[in-house]
Amino acid sequence: MTTSVPIFAIVGHPNEGKSSVLSTLAEDDSVRVSPIPGETTEVQSFPVTIDGREIIRFVDTPGFQNPRQTLAWMQAYNGPANQLLPAFIAAHRDDPGFRDDCSLLTPVAQGAGVIFVVDGSRPLRNMDKAEMEILRLTGAPRLAVINSKGEDSRYLDDWHAEFRKHFNAIRVFNSSRANYAQRIELLESLKAIDQQLEPLLKMVISTFQSDWQARHQQTAELILELLRDVLDYRTTASCSPKDDEIAIKMKLTQNYMDYVSHKEQQTRKAIRTLYKHTIFDLELAPHSILEEDLFSDKTWEFLGLTDKQLVLAGAISGATIGAGIDLAAGGISFGVFSALGGFLGAAGTLFKGKDLLNSFELLGFQVGGESIQVGPARNIQLLFILLDRCLLFTAQVINWAHGRRDYDQKALIEEADSEKKGVTSGWDNDDRKVCSQFFQALQKQDTDTLEKTSKRLHEMIVRQLQQLSEDRSF
Amino acid sequence: MKPPLTLPDILDIEFLFKRDEPRLEQGDDTELRRRDRSIFVATKLTSAAEPTTRELADLWLRARRQEYQRQQLPLPGQIWRETTTFSAVLLFLLSLLIGSGMAASFLRYDGTTPVNVSGFFALFILVQLLLLFLNLALLGYRSVRRIKAPQSVLYALLGQGLSNLFTSLLKRSQKHLTASRRLDLQAVSGSLRQFRQVYGNLLLWPAFILLQLAGSGFNLGVLLTLLAKISFTDIAFGWQSTLPLTDAFLAELVRLIALPWAWLLPYDWAYPGLEQIIGSKIVLIEGNLRLTSAGVVSWWPFLLGGILVYGLLPRLLLLGWGSYQLHSGLKNLPCDSAAFRQLRRRMLTPLVHTEAQQQIPPLAAHQEPTPKPELSKLSLTGSGLLVLIPDELWDACPIDLLTPHLGNLDKGSPLVAIRYGAIEQSGTALLDQISITLEDQNLAGIVVIQEAWQPPIREVTTRLEQLRRMIGASAPLAVALVGRPVADNPLTPVHSQDLSIWLKTTQALADPYLDVFPLVRD
């Protein structure tokens, strides 16, 4: 490589998904990707900068337009081998018909390594062989990437067989399904094409890894912030004896729900930005539970804990229900109800079951003097529902490749399926206990315990995100 | 090694965290990450060294302080330091004066009635001892019950006073600042409240230390006054009591009290013996008859020792203990709150950018293409078609298979096939072969079989243009598109999107006699 910053040029036939591969690799959804061939007409540079210093650069190029003529010219060339590409470019730069071919070969002439992308779902053709031969003649270090765009894997063996003749390394990469792990694997493959670049690529990979970790941590912070904000939220309205108390309660409930939904949307937006999905609005699957309103019956049916799990969680957090009664009793009960709250919570959860969704039970109205207050939330299920929705949403974001532009993923929730589909119902007792303690500390405004449980909950969420980012089911 | 964080450091860190909160609440910490990462990068440390959060916080604080110093802005830590130093000096001096004044007024001797040792002892030693025991009992209770803050009204009041003084100084320091900076510093009051929640214990130790400092000042004042009075005036000490205390009992009590220093001084110096006690007993009704010279001067070493051992020394020990507790509290500060964790993440995570840069302009501007070689124009008058079959389909797709699909072109027979697109076949050779075949077979036009899923690249359209030039402007020229072959069928229908792409591309050739159609219909 002759340039100070190593360059990798993504080359190939038009419409093989070069831009998609790069878009996913660079996590840049602003790259123009289109099913119509020839979307990329100009060379676009993707510098990888770490702490302000450019380490490597990827270059997206237009596809070959005249592979046979190019190969014929090169085969007829009899000048010095290292001048092959400059000579070709000099001979064709004024011909508009060869504009794309000159553009794509210019970075290679400047010493770039080659990442040759093909669509592995189609058969191998002579045109491809011509392109491979051109790249072989350039002498550039080369990696072949089989972009398996569709599900068709019939031709993969043919591609592998042909690639083995021409390339230093081969990697199968699905640009519309690739997640973090596949991105790292692709970068790892680059080491094989030029050993001199290994230390540099190691550094890039380790930086990508710590950046990814940091994003998980930040996401966990955002989710925790949402939980603290929402579960502690309360809103009050004045209510004189002649006012319609029910109407006021309804209005307050609506305000409460609007606030929570707004906060949830804000968190989702921040998570999307964090994972660099900024341009194209990734779409949730049709009938996805995430499309449902936070307070819809369906959300509460499919997400959160099961009744049995709720009983256990309610036993821990139930004291807060009693605290409300103590408050209503003007403190004269001296916390008797708080002490009983554990049993009340458990029993209430057991017998009322889904009725807890009822906003009055969920939010806990407090009527005192001339005002009505709604919130803070009393039902711990809200915490698990919020957690589930955040984690499922983040899983979608994490596993939505940046080069992906289709929205035909399968639904997460089938209509007839009535089992819990969230993440939290699969947690073990210890994890759920941390959630209960967090909920309880929040209710009691116990700063110390809240800080401790927040830390543990944060660790749990980060751990969960790591698992989700390796899960291919999204 | 953990760098020691001081209370002002913690105050500043909490203040600076508070300043960052609005930006964090917006959900985008890009700017903070950039700032904190550049602080870390400037230290030349590497993540591989695995610095502790405390070390990172220390580095971060130093950098952030420099930034504030450049703008000549006070930070709460500095104000706290000044407040506590000022309070310490003030309290110490005041206590020194009070101790000195109280001792001076008590040690007044006009040559008639000796100074009452019992009163002096009770006021300056016994009361202090009681306070000391109370203090120790409180601390013992606290450690057993694990109560977070010393449950003392005095500490609470002193702590509150210190906070008030700090806040008031803070307000004064703001006078010359701009409105926005004043708002910044107002956050300190808020952060102080939060600080007390998080670091409750730590914030009360300065109050404890101040109290011990005041106690030390008081005892020093008493001690110095006592020494001065003894040195420069003539004082007689006596003891009195209404209680029926025997001389022997008192002598034993005094001996016990003086035990801590008795071993240090000669026997008759450390404390008064039985004879001196008898010789210093004041019985007002009897006047000074019982007093002896040896008796009335025997008490002052005892009083000095008492003040030193039971007054000053415990205060100094508590002062040291308080400082140790504060230091150890600071040393063991976990630095693992959410804000510290976020700071660690921001400092240690490299800033990665992989987004696209501006596009590089194309190499060549719009220029005239290089002149194409003039092809011989043929005059096609016969019938039948020349079918160009791709090399890859040649074996699987004989002309017989194609014939039924090409019937609708209505150009009669025969259909003559030529294989094209082999890797070793040059473009010129193909064109020559086509030209010869067209003439020899007296054919009417050309049909090119083309896989529609392959994009119509320039090479393909160029060939169509070459064929058009070869056969003349209006001779039949068609592109018959086929879909992706399946195992037992090489001729499949064309995907509508592929067909659309081919139609659009070939329309750009502006050839009205060029026919593009799918060979196989659904």
Least to most buried among A:142, B:70, B:54 (fewest other Cβ within 10 Å first): B:70, B:54, A:142
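Going by average Cβ neighbours within 10 Å, how do the peptides B:13-20, A:108-115, A:252-259 rank, with the highest at the top?
Working: B:13-20: 20.2, A:108-115: 22.0, A:252-259: 16.6.
Packing order, densest peptide first, comes out as A:108-115, B:13-20, A:252-259.
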Average beta carbon contacts from partner chains per residue of B:340-351, 10 Å cutoff: 5
Using modelled backbone amide H atoms (1.01 Å from N, in-plane), which distant-in-sequence or interchain residues come within less than 5 Å of residue A:56's amide H? A:48
Taking the dipole of the stretch A:113-159 about the Cα centre (Lys, Arg +1; Asp, Glu -1; charges at Cβ), the one of A:127, A:140, A:115 that reaches farthest to the positive side is A:140
For the peptides B:88-97, A:52-61, what is the packing order when you average, over each peptide's residues, the other Cβ atoms within 10 Å and list the highest mean first? A:52-61, B:88-97
Within 10 Å of the Cβ of an average residue in A:92-104, the count of other chain Cβ atoms is 5
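Averaged over A:68-74, how many beta carbons belonging to a partner chain fall within 10 Å of each residue's beta carbon?
Numbers: counts 9, 5, 1, 1, 4, 0, 0.
The mean count of partner-chain Cβ atoms within 10 Å per residue comes to 3.
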Order these peptides, A:64-72, B:462-470, by their mean beta-carbon neighbour count within 10 angstrom, highest first. A:64-72, B:462-470
Assigning unit charges at the beta carbon (Lys, Arg +1; Asp, Glu -1) and nothing else, what dipole magnitude in debye, to the nearest 20, does the stretch B:1-151 show about its Cα centre? 220
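With a 10 Å Cβ neighbour count serving as the proxy for reagent exposure, in which order, fewest first, do A:20, B:323, B:474 appear? List each step's numbers first, then the result.
Values: A:20 26, B:323 15, B:474 12.
Final ranking by Cβ density, sparse to dense: B:474, B:323, A:20.
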FRET efficiency estimate (nearest 0.05) - Cβ-Cβ, residue B:521 to residue A:153, R0 30 angstrom: 0.55
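No lab work stands behind these numbers, since they all come straight from the coordinates. Here the structure is a predicted model, which means the values were calculated and not measured. All Cβ positions, glycine included, derive from the backbone under ideal geometry; neighbour counts span all protein chains shown.
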